[in-house]
1. Return yes or no: is V93 in a loop (DSSP other than H, G, I, E, B) and at pLDDT 95 or above?
2. Determine whether V41 is of a type in the set (V, I, T), farther than 17 Å from D286 by Cα and not in a loop (DSSP other than H, G, I, E, B).
3. Residues that are without any contact (Cβ under 8 Å) to a residue 12 or more places away in the chain and within 16 Å of the ligand (Cβ to nearest atom): which helices (runs of 4 or more DSSP H) entirely in region 152-269 hold 2 or more of them?
4. Tally the residues that are within 13 Å of the ligand (Cβ to nearest atom) and either at positive phi or in the same structural domain as A141 (by TED's automatic domain parsing) (or both), restricting the search to region 37-64.
5. Out of everything in region 67-90 that is in contact with a Gly (Cβ under 6 Å, 6 or more places away or on another chain) and part of a loop (DSSP other than H, G, I, E, B), what residue ends up being nearest to the ligand (Cβ to nearest atom)?
Amino acid sequence: MPMSRAALINAAQDCDVLAATLGDQLDAEFFEAAGSRLKLVANFGAGVDHIDVAAANARGVTVTNTPSVLAEDAADMAMALILAVPRRLVEGVRALENGDFEGWSPTWMLGRRVRGKKLGIIGLGRVGEAIARRAQAFGLAVHYHNRKPINPHVEEGLAATYWDSLDQMLAHVDIVSVNCPHTPATFHLLSRRRLELLQPHAYVVNVSRGEIVDEAALAELVETGRIAGAGLDVYERGAPNEKLLNAPNVVLLPHMASATVESRIEMGERVIINIKMFADGHKPPDRVIL
Ligand code: DGY
């Protein structure tokens, strides 16, 4: 359970360092109330959309996160969704559990082949790149949209195609994977208008942050068959939209993409390293730079 806001503000008055998680809303008001003793927020997690980093920095507070250690695990889960949704994996498990399986038939539980499809990654950073490597092995063609193209050698190694225009990429690909951070600029980046650019056979996968996708629009488009399905680990309001909960062609996970024992241990280690470096007067390795 996250600490209450009052308890957090209270504790921060007497602390030089705060080890936070994504349940802690550290906005400008918090940093104002926290007083002048607080010098470092060492976040246990990669995403820092719950922290007003600019407000922290303006008050002399450094913010660190744990970006690299969870990327491979998050990519595994994104890949699991990229496979599970078109291949109707969860629907199949449910059918068996509900006693609906009456034996093999040529037309039973037909999904869509993954090999040969086009995957569009929005945000080819650490997680996006790890997904691209996996996607390559599964025979997917990798497309990506970033603010600018990645290193040409890495791009070549991934056989990845860069799209300057997100709209054009969306209209072209079969599966979209959301992997950019949530910032004011990426809120509802996948807006209704953009979701409607997708082809009707397309799928949406999101292990980043729910706020990047207009979830109500996605739920409606999936429900009406305008989009083929979705695999989500994150939601706009913590819990998924009711329509998504009831849709058969959707796989929903409870924000667990980075949930491995190994990643949690390594995240903890990064928090400690960042605190130690900072306490010793050095620049912490995972300082969040705006
Ligand atoms: C992160 O690191 O931001 C994940 O979403 C939680 O582990």
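The values are calculated or read from the model by the stated rules, or taken from the named source; none is laboratory data. This structure is a prediction, so every number in the text was calculated from the model and none was measured. So basically every Cβ, Gly included, is an ideal-geometry build from the backbone, and we count neighbours across all protein chains shown.
1. Values: in a loop (DSSP other than H, G, I, E, B): no; at pLDDT 95 or above: yes.
For V93, the condition - in a loop (DSSP other than H, G, I, E, B) and at pLDDT 95 or above - is not met.
2. Details: of a type in the set (V, I, T): yes; farther than 17 Å from D286 by Cα: no; not in a loop (DSSP other than H, G, I, E, B): yes.
Considered against the rule, which asks whether it is of a type in the set (V, I, T), farther than 17 Å from D286 by Cα and not in a loop (DSSP other than H, G, I, E, B), V41 comes out as no.
3. Qualifying helices (runs of 4 or more DSSP H): none found.
4. Adding up the residues that qualify gives 1.
5. Looking at residues that are in contact with a Gly (Cβ under 6 Å, 6 or more places away or on another chain) and part of a loop (DSSP other than H, G, I, E, B), I get V85.
Let's see how each residue does on (1) over 24 Å from the mean Cα position of the chain (by Cα); (2) at pLDDT below 95:
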{"site": "F30", "(1), (2)": "yes, no"}
{"site": "A34", "(1), (2)": "yes, yes"}
{"site": "N43", "(1), (2)": "no, no"}
{"site": "G60", "(1), (2)": "yes, no"}
{"site": "V63", "(1), (2)": "no, no"}
{"site": "L70", "(1), (2)": "no, no"}
{"site": "D73", "(1), (2)": "no, no"}
{"site": "D76", "(1), (2)": "no, no"}
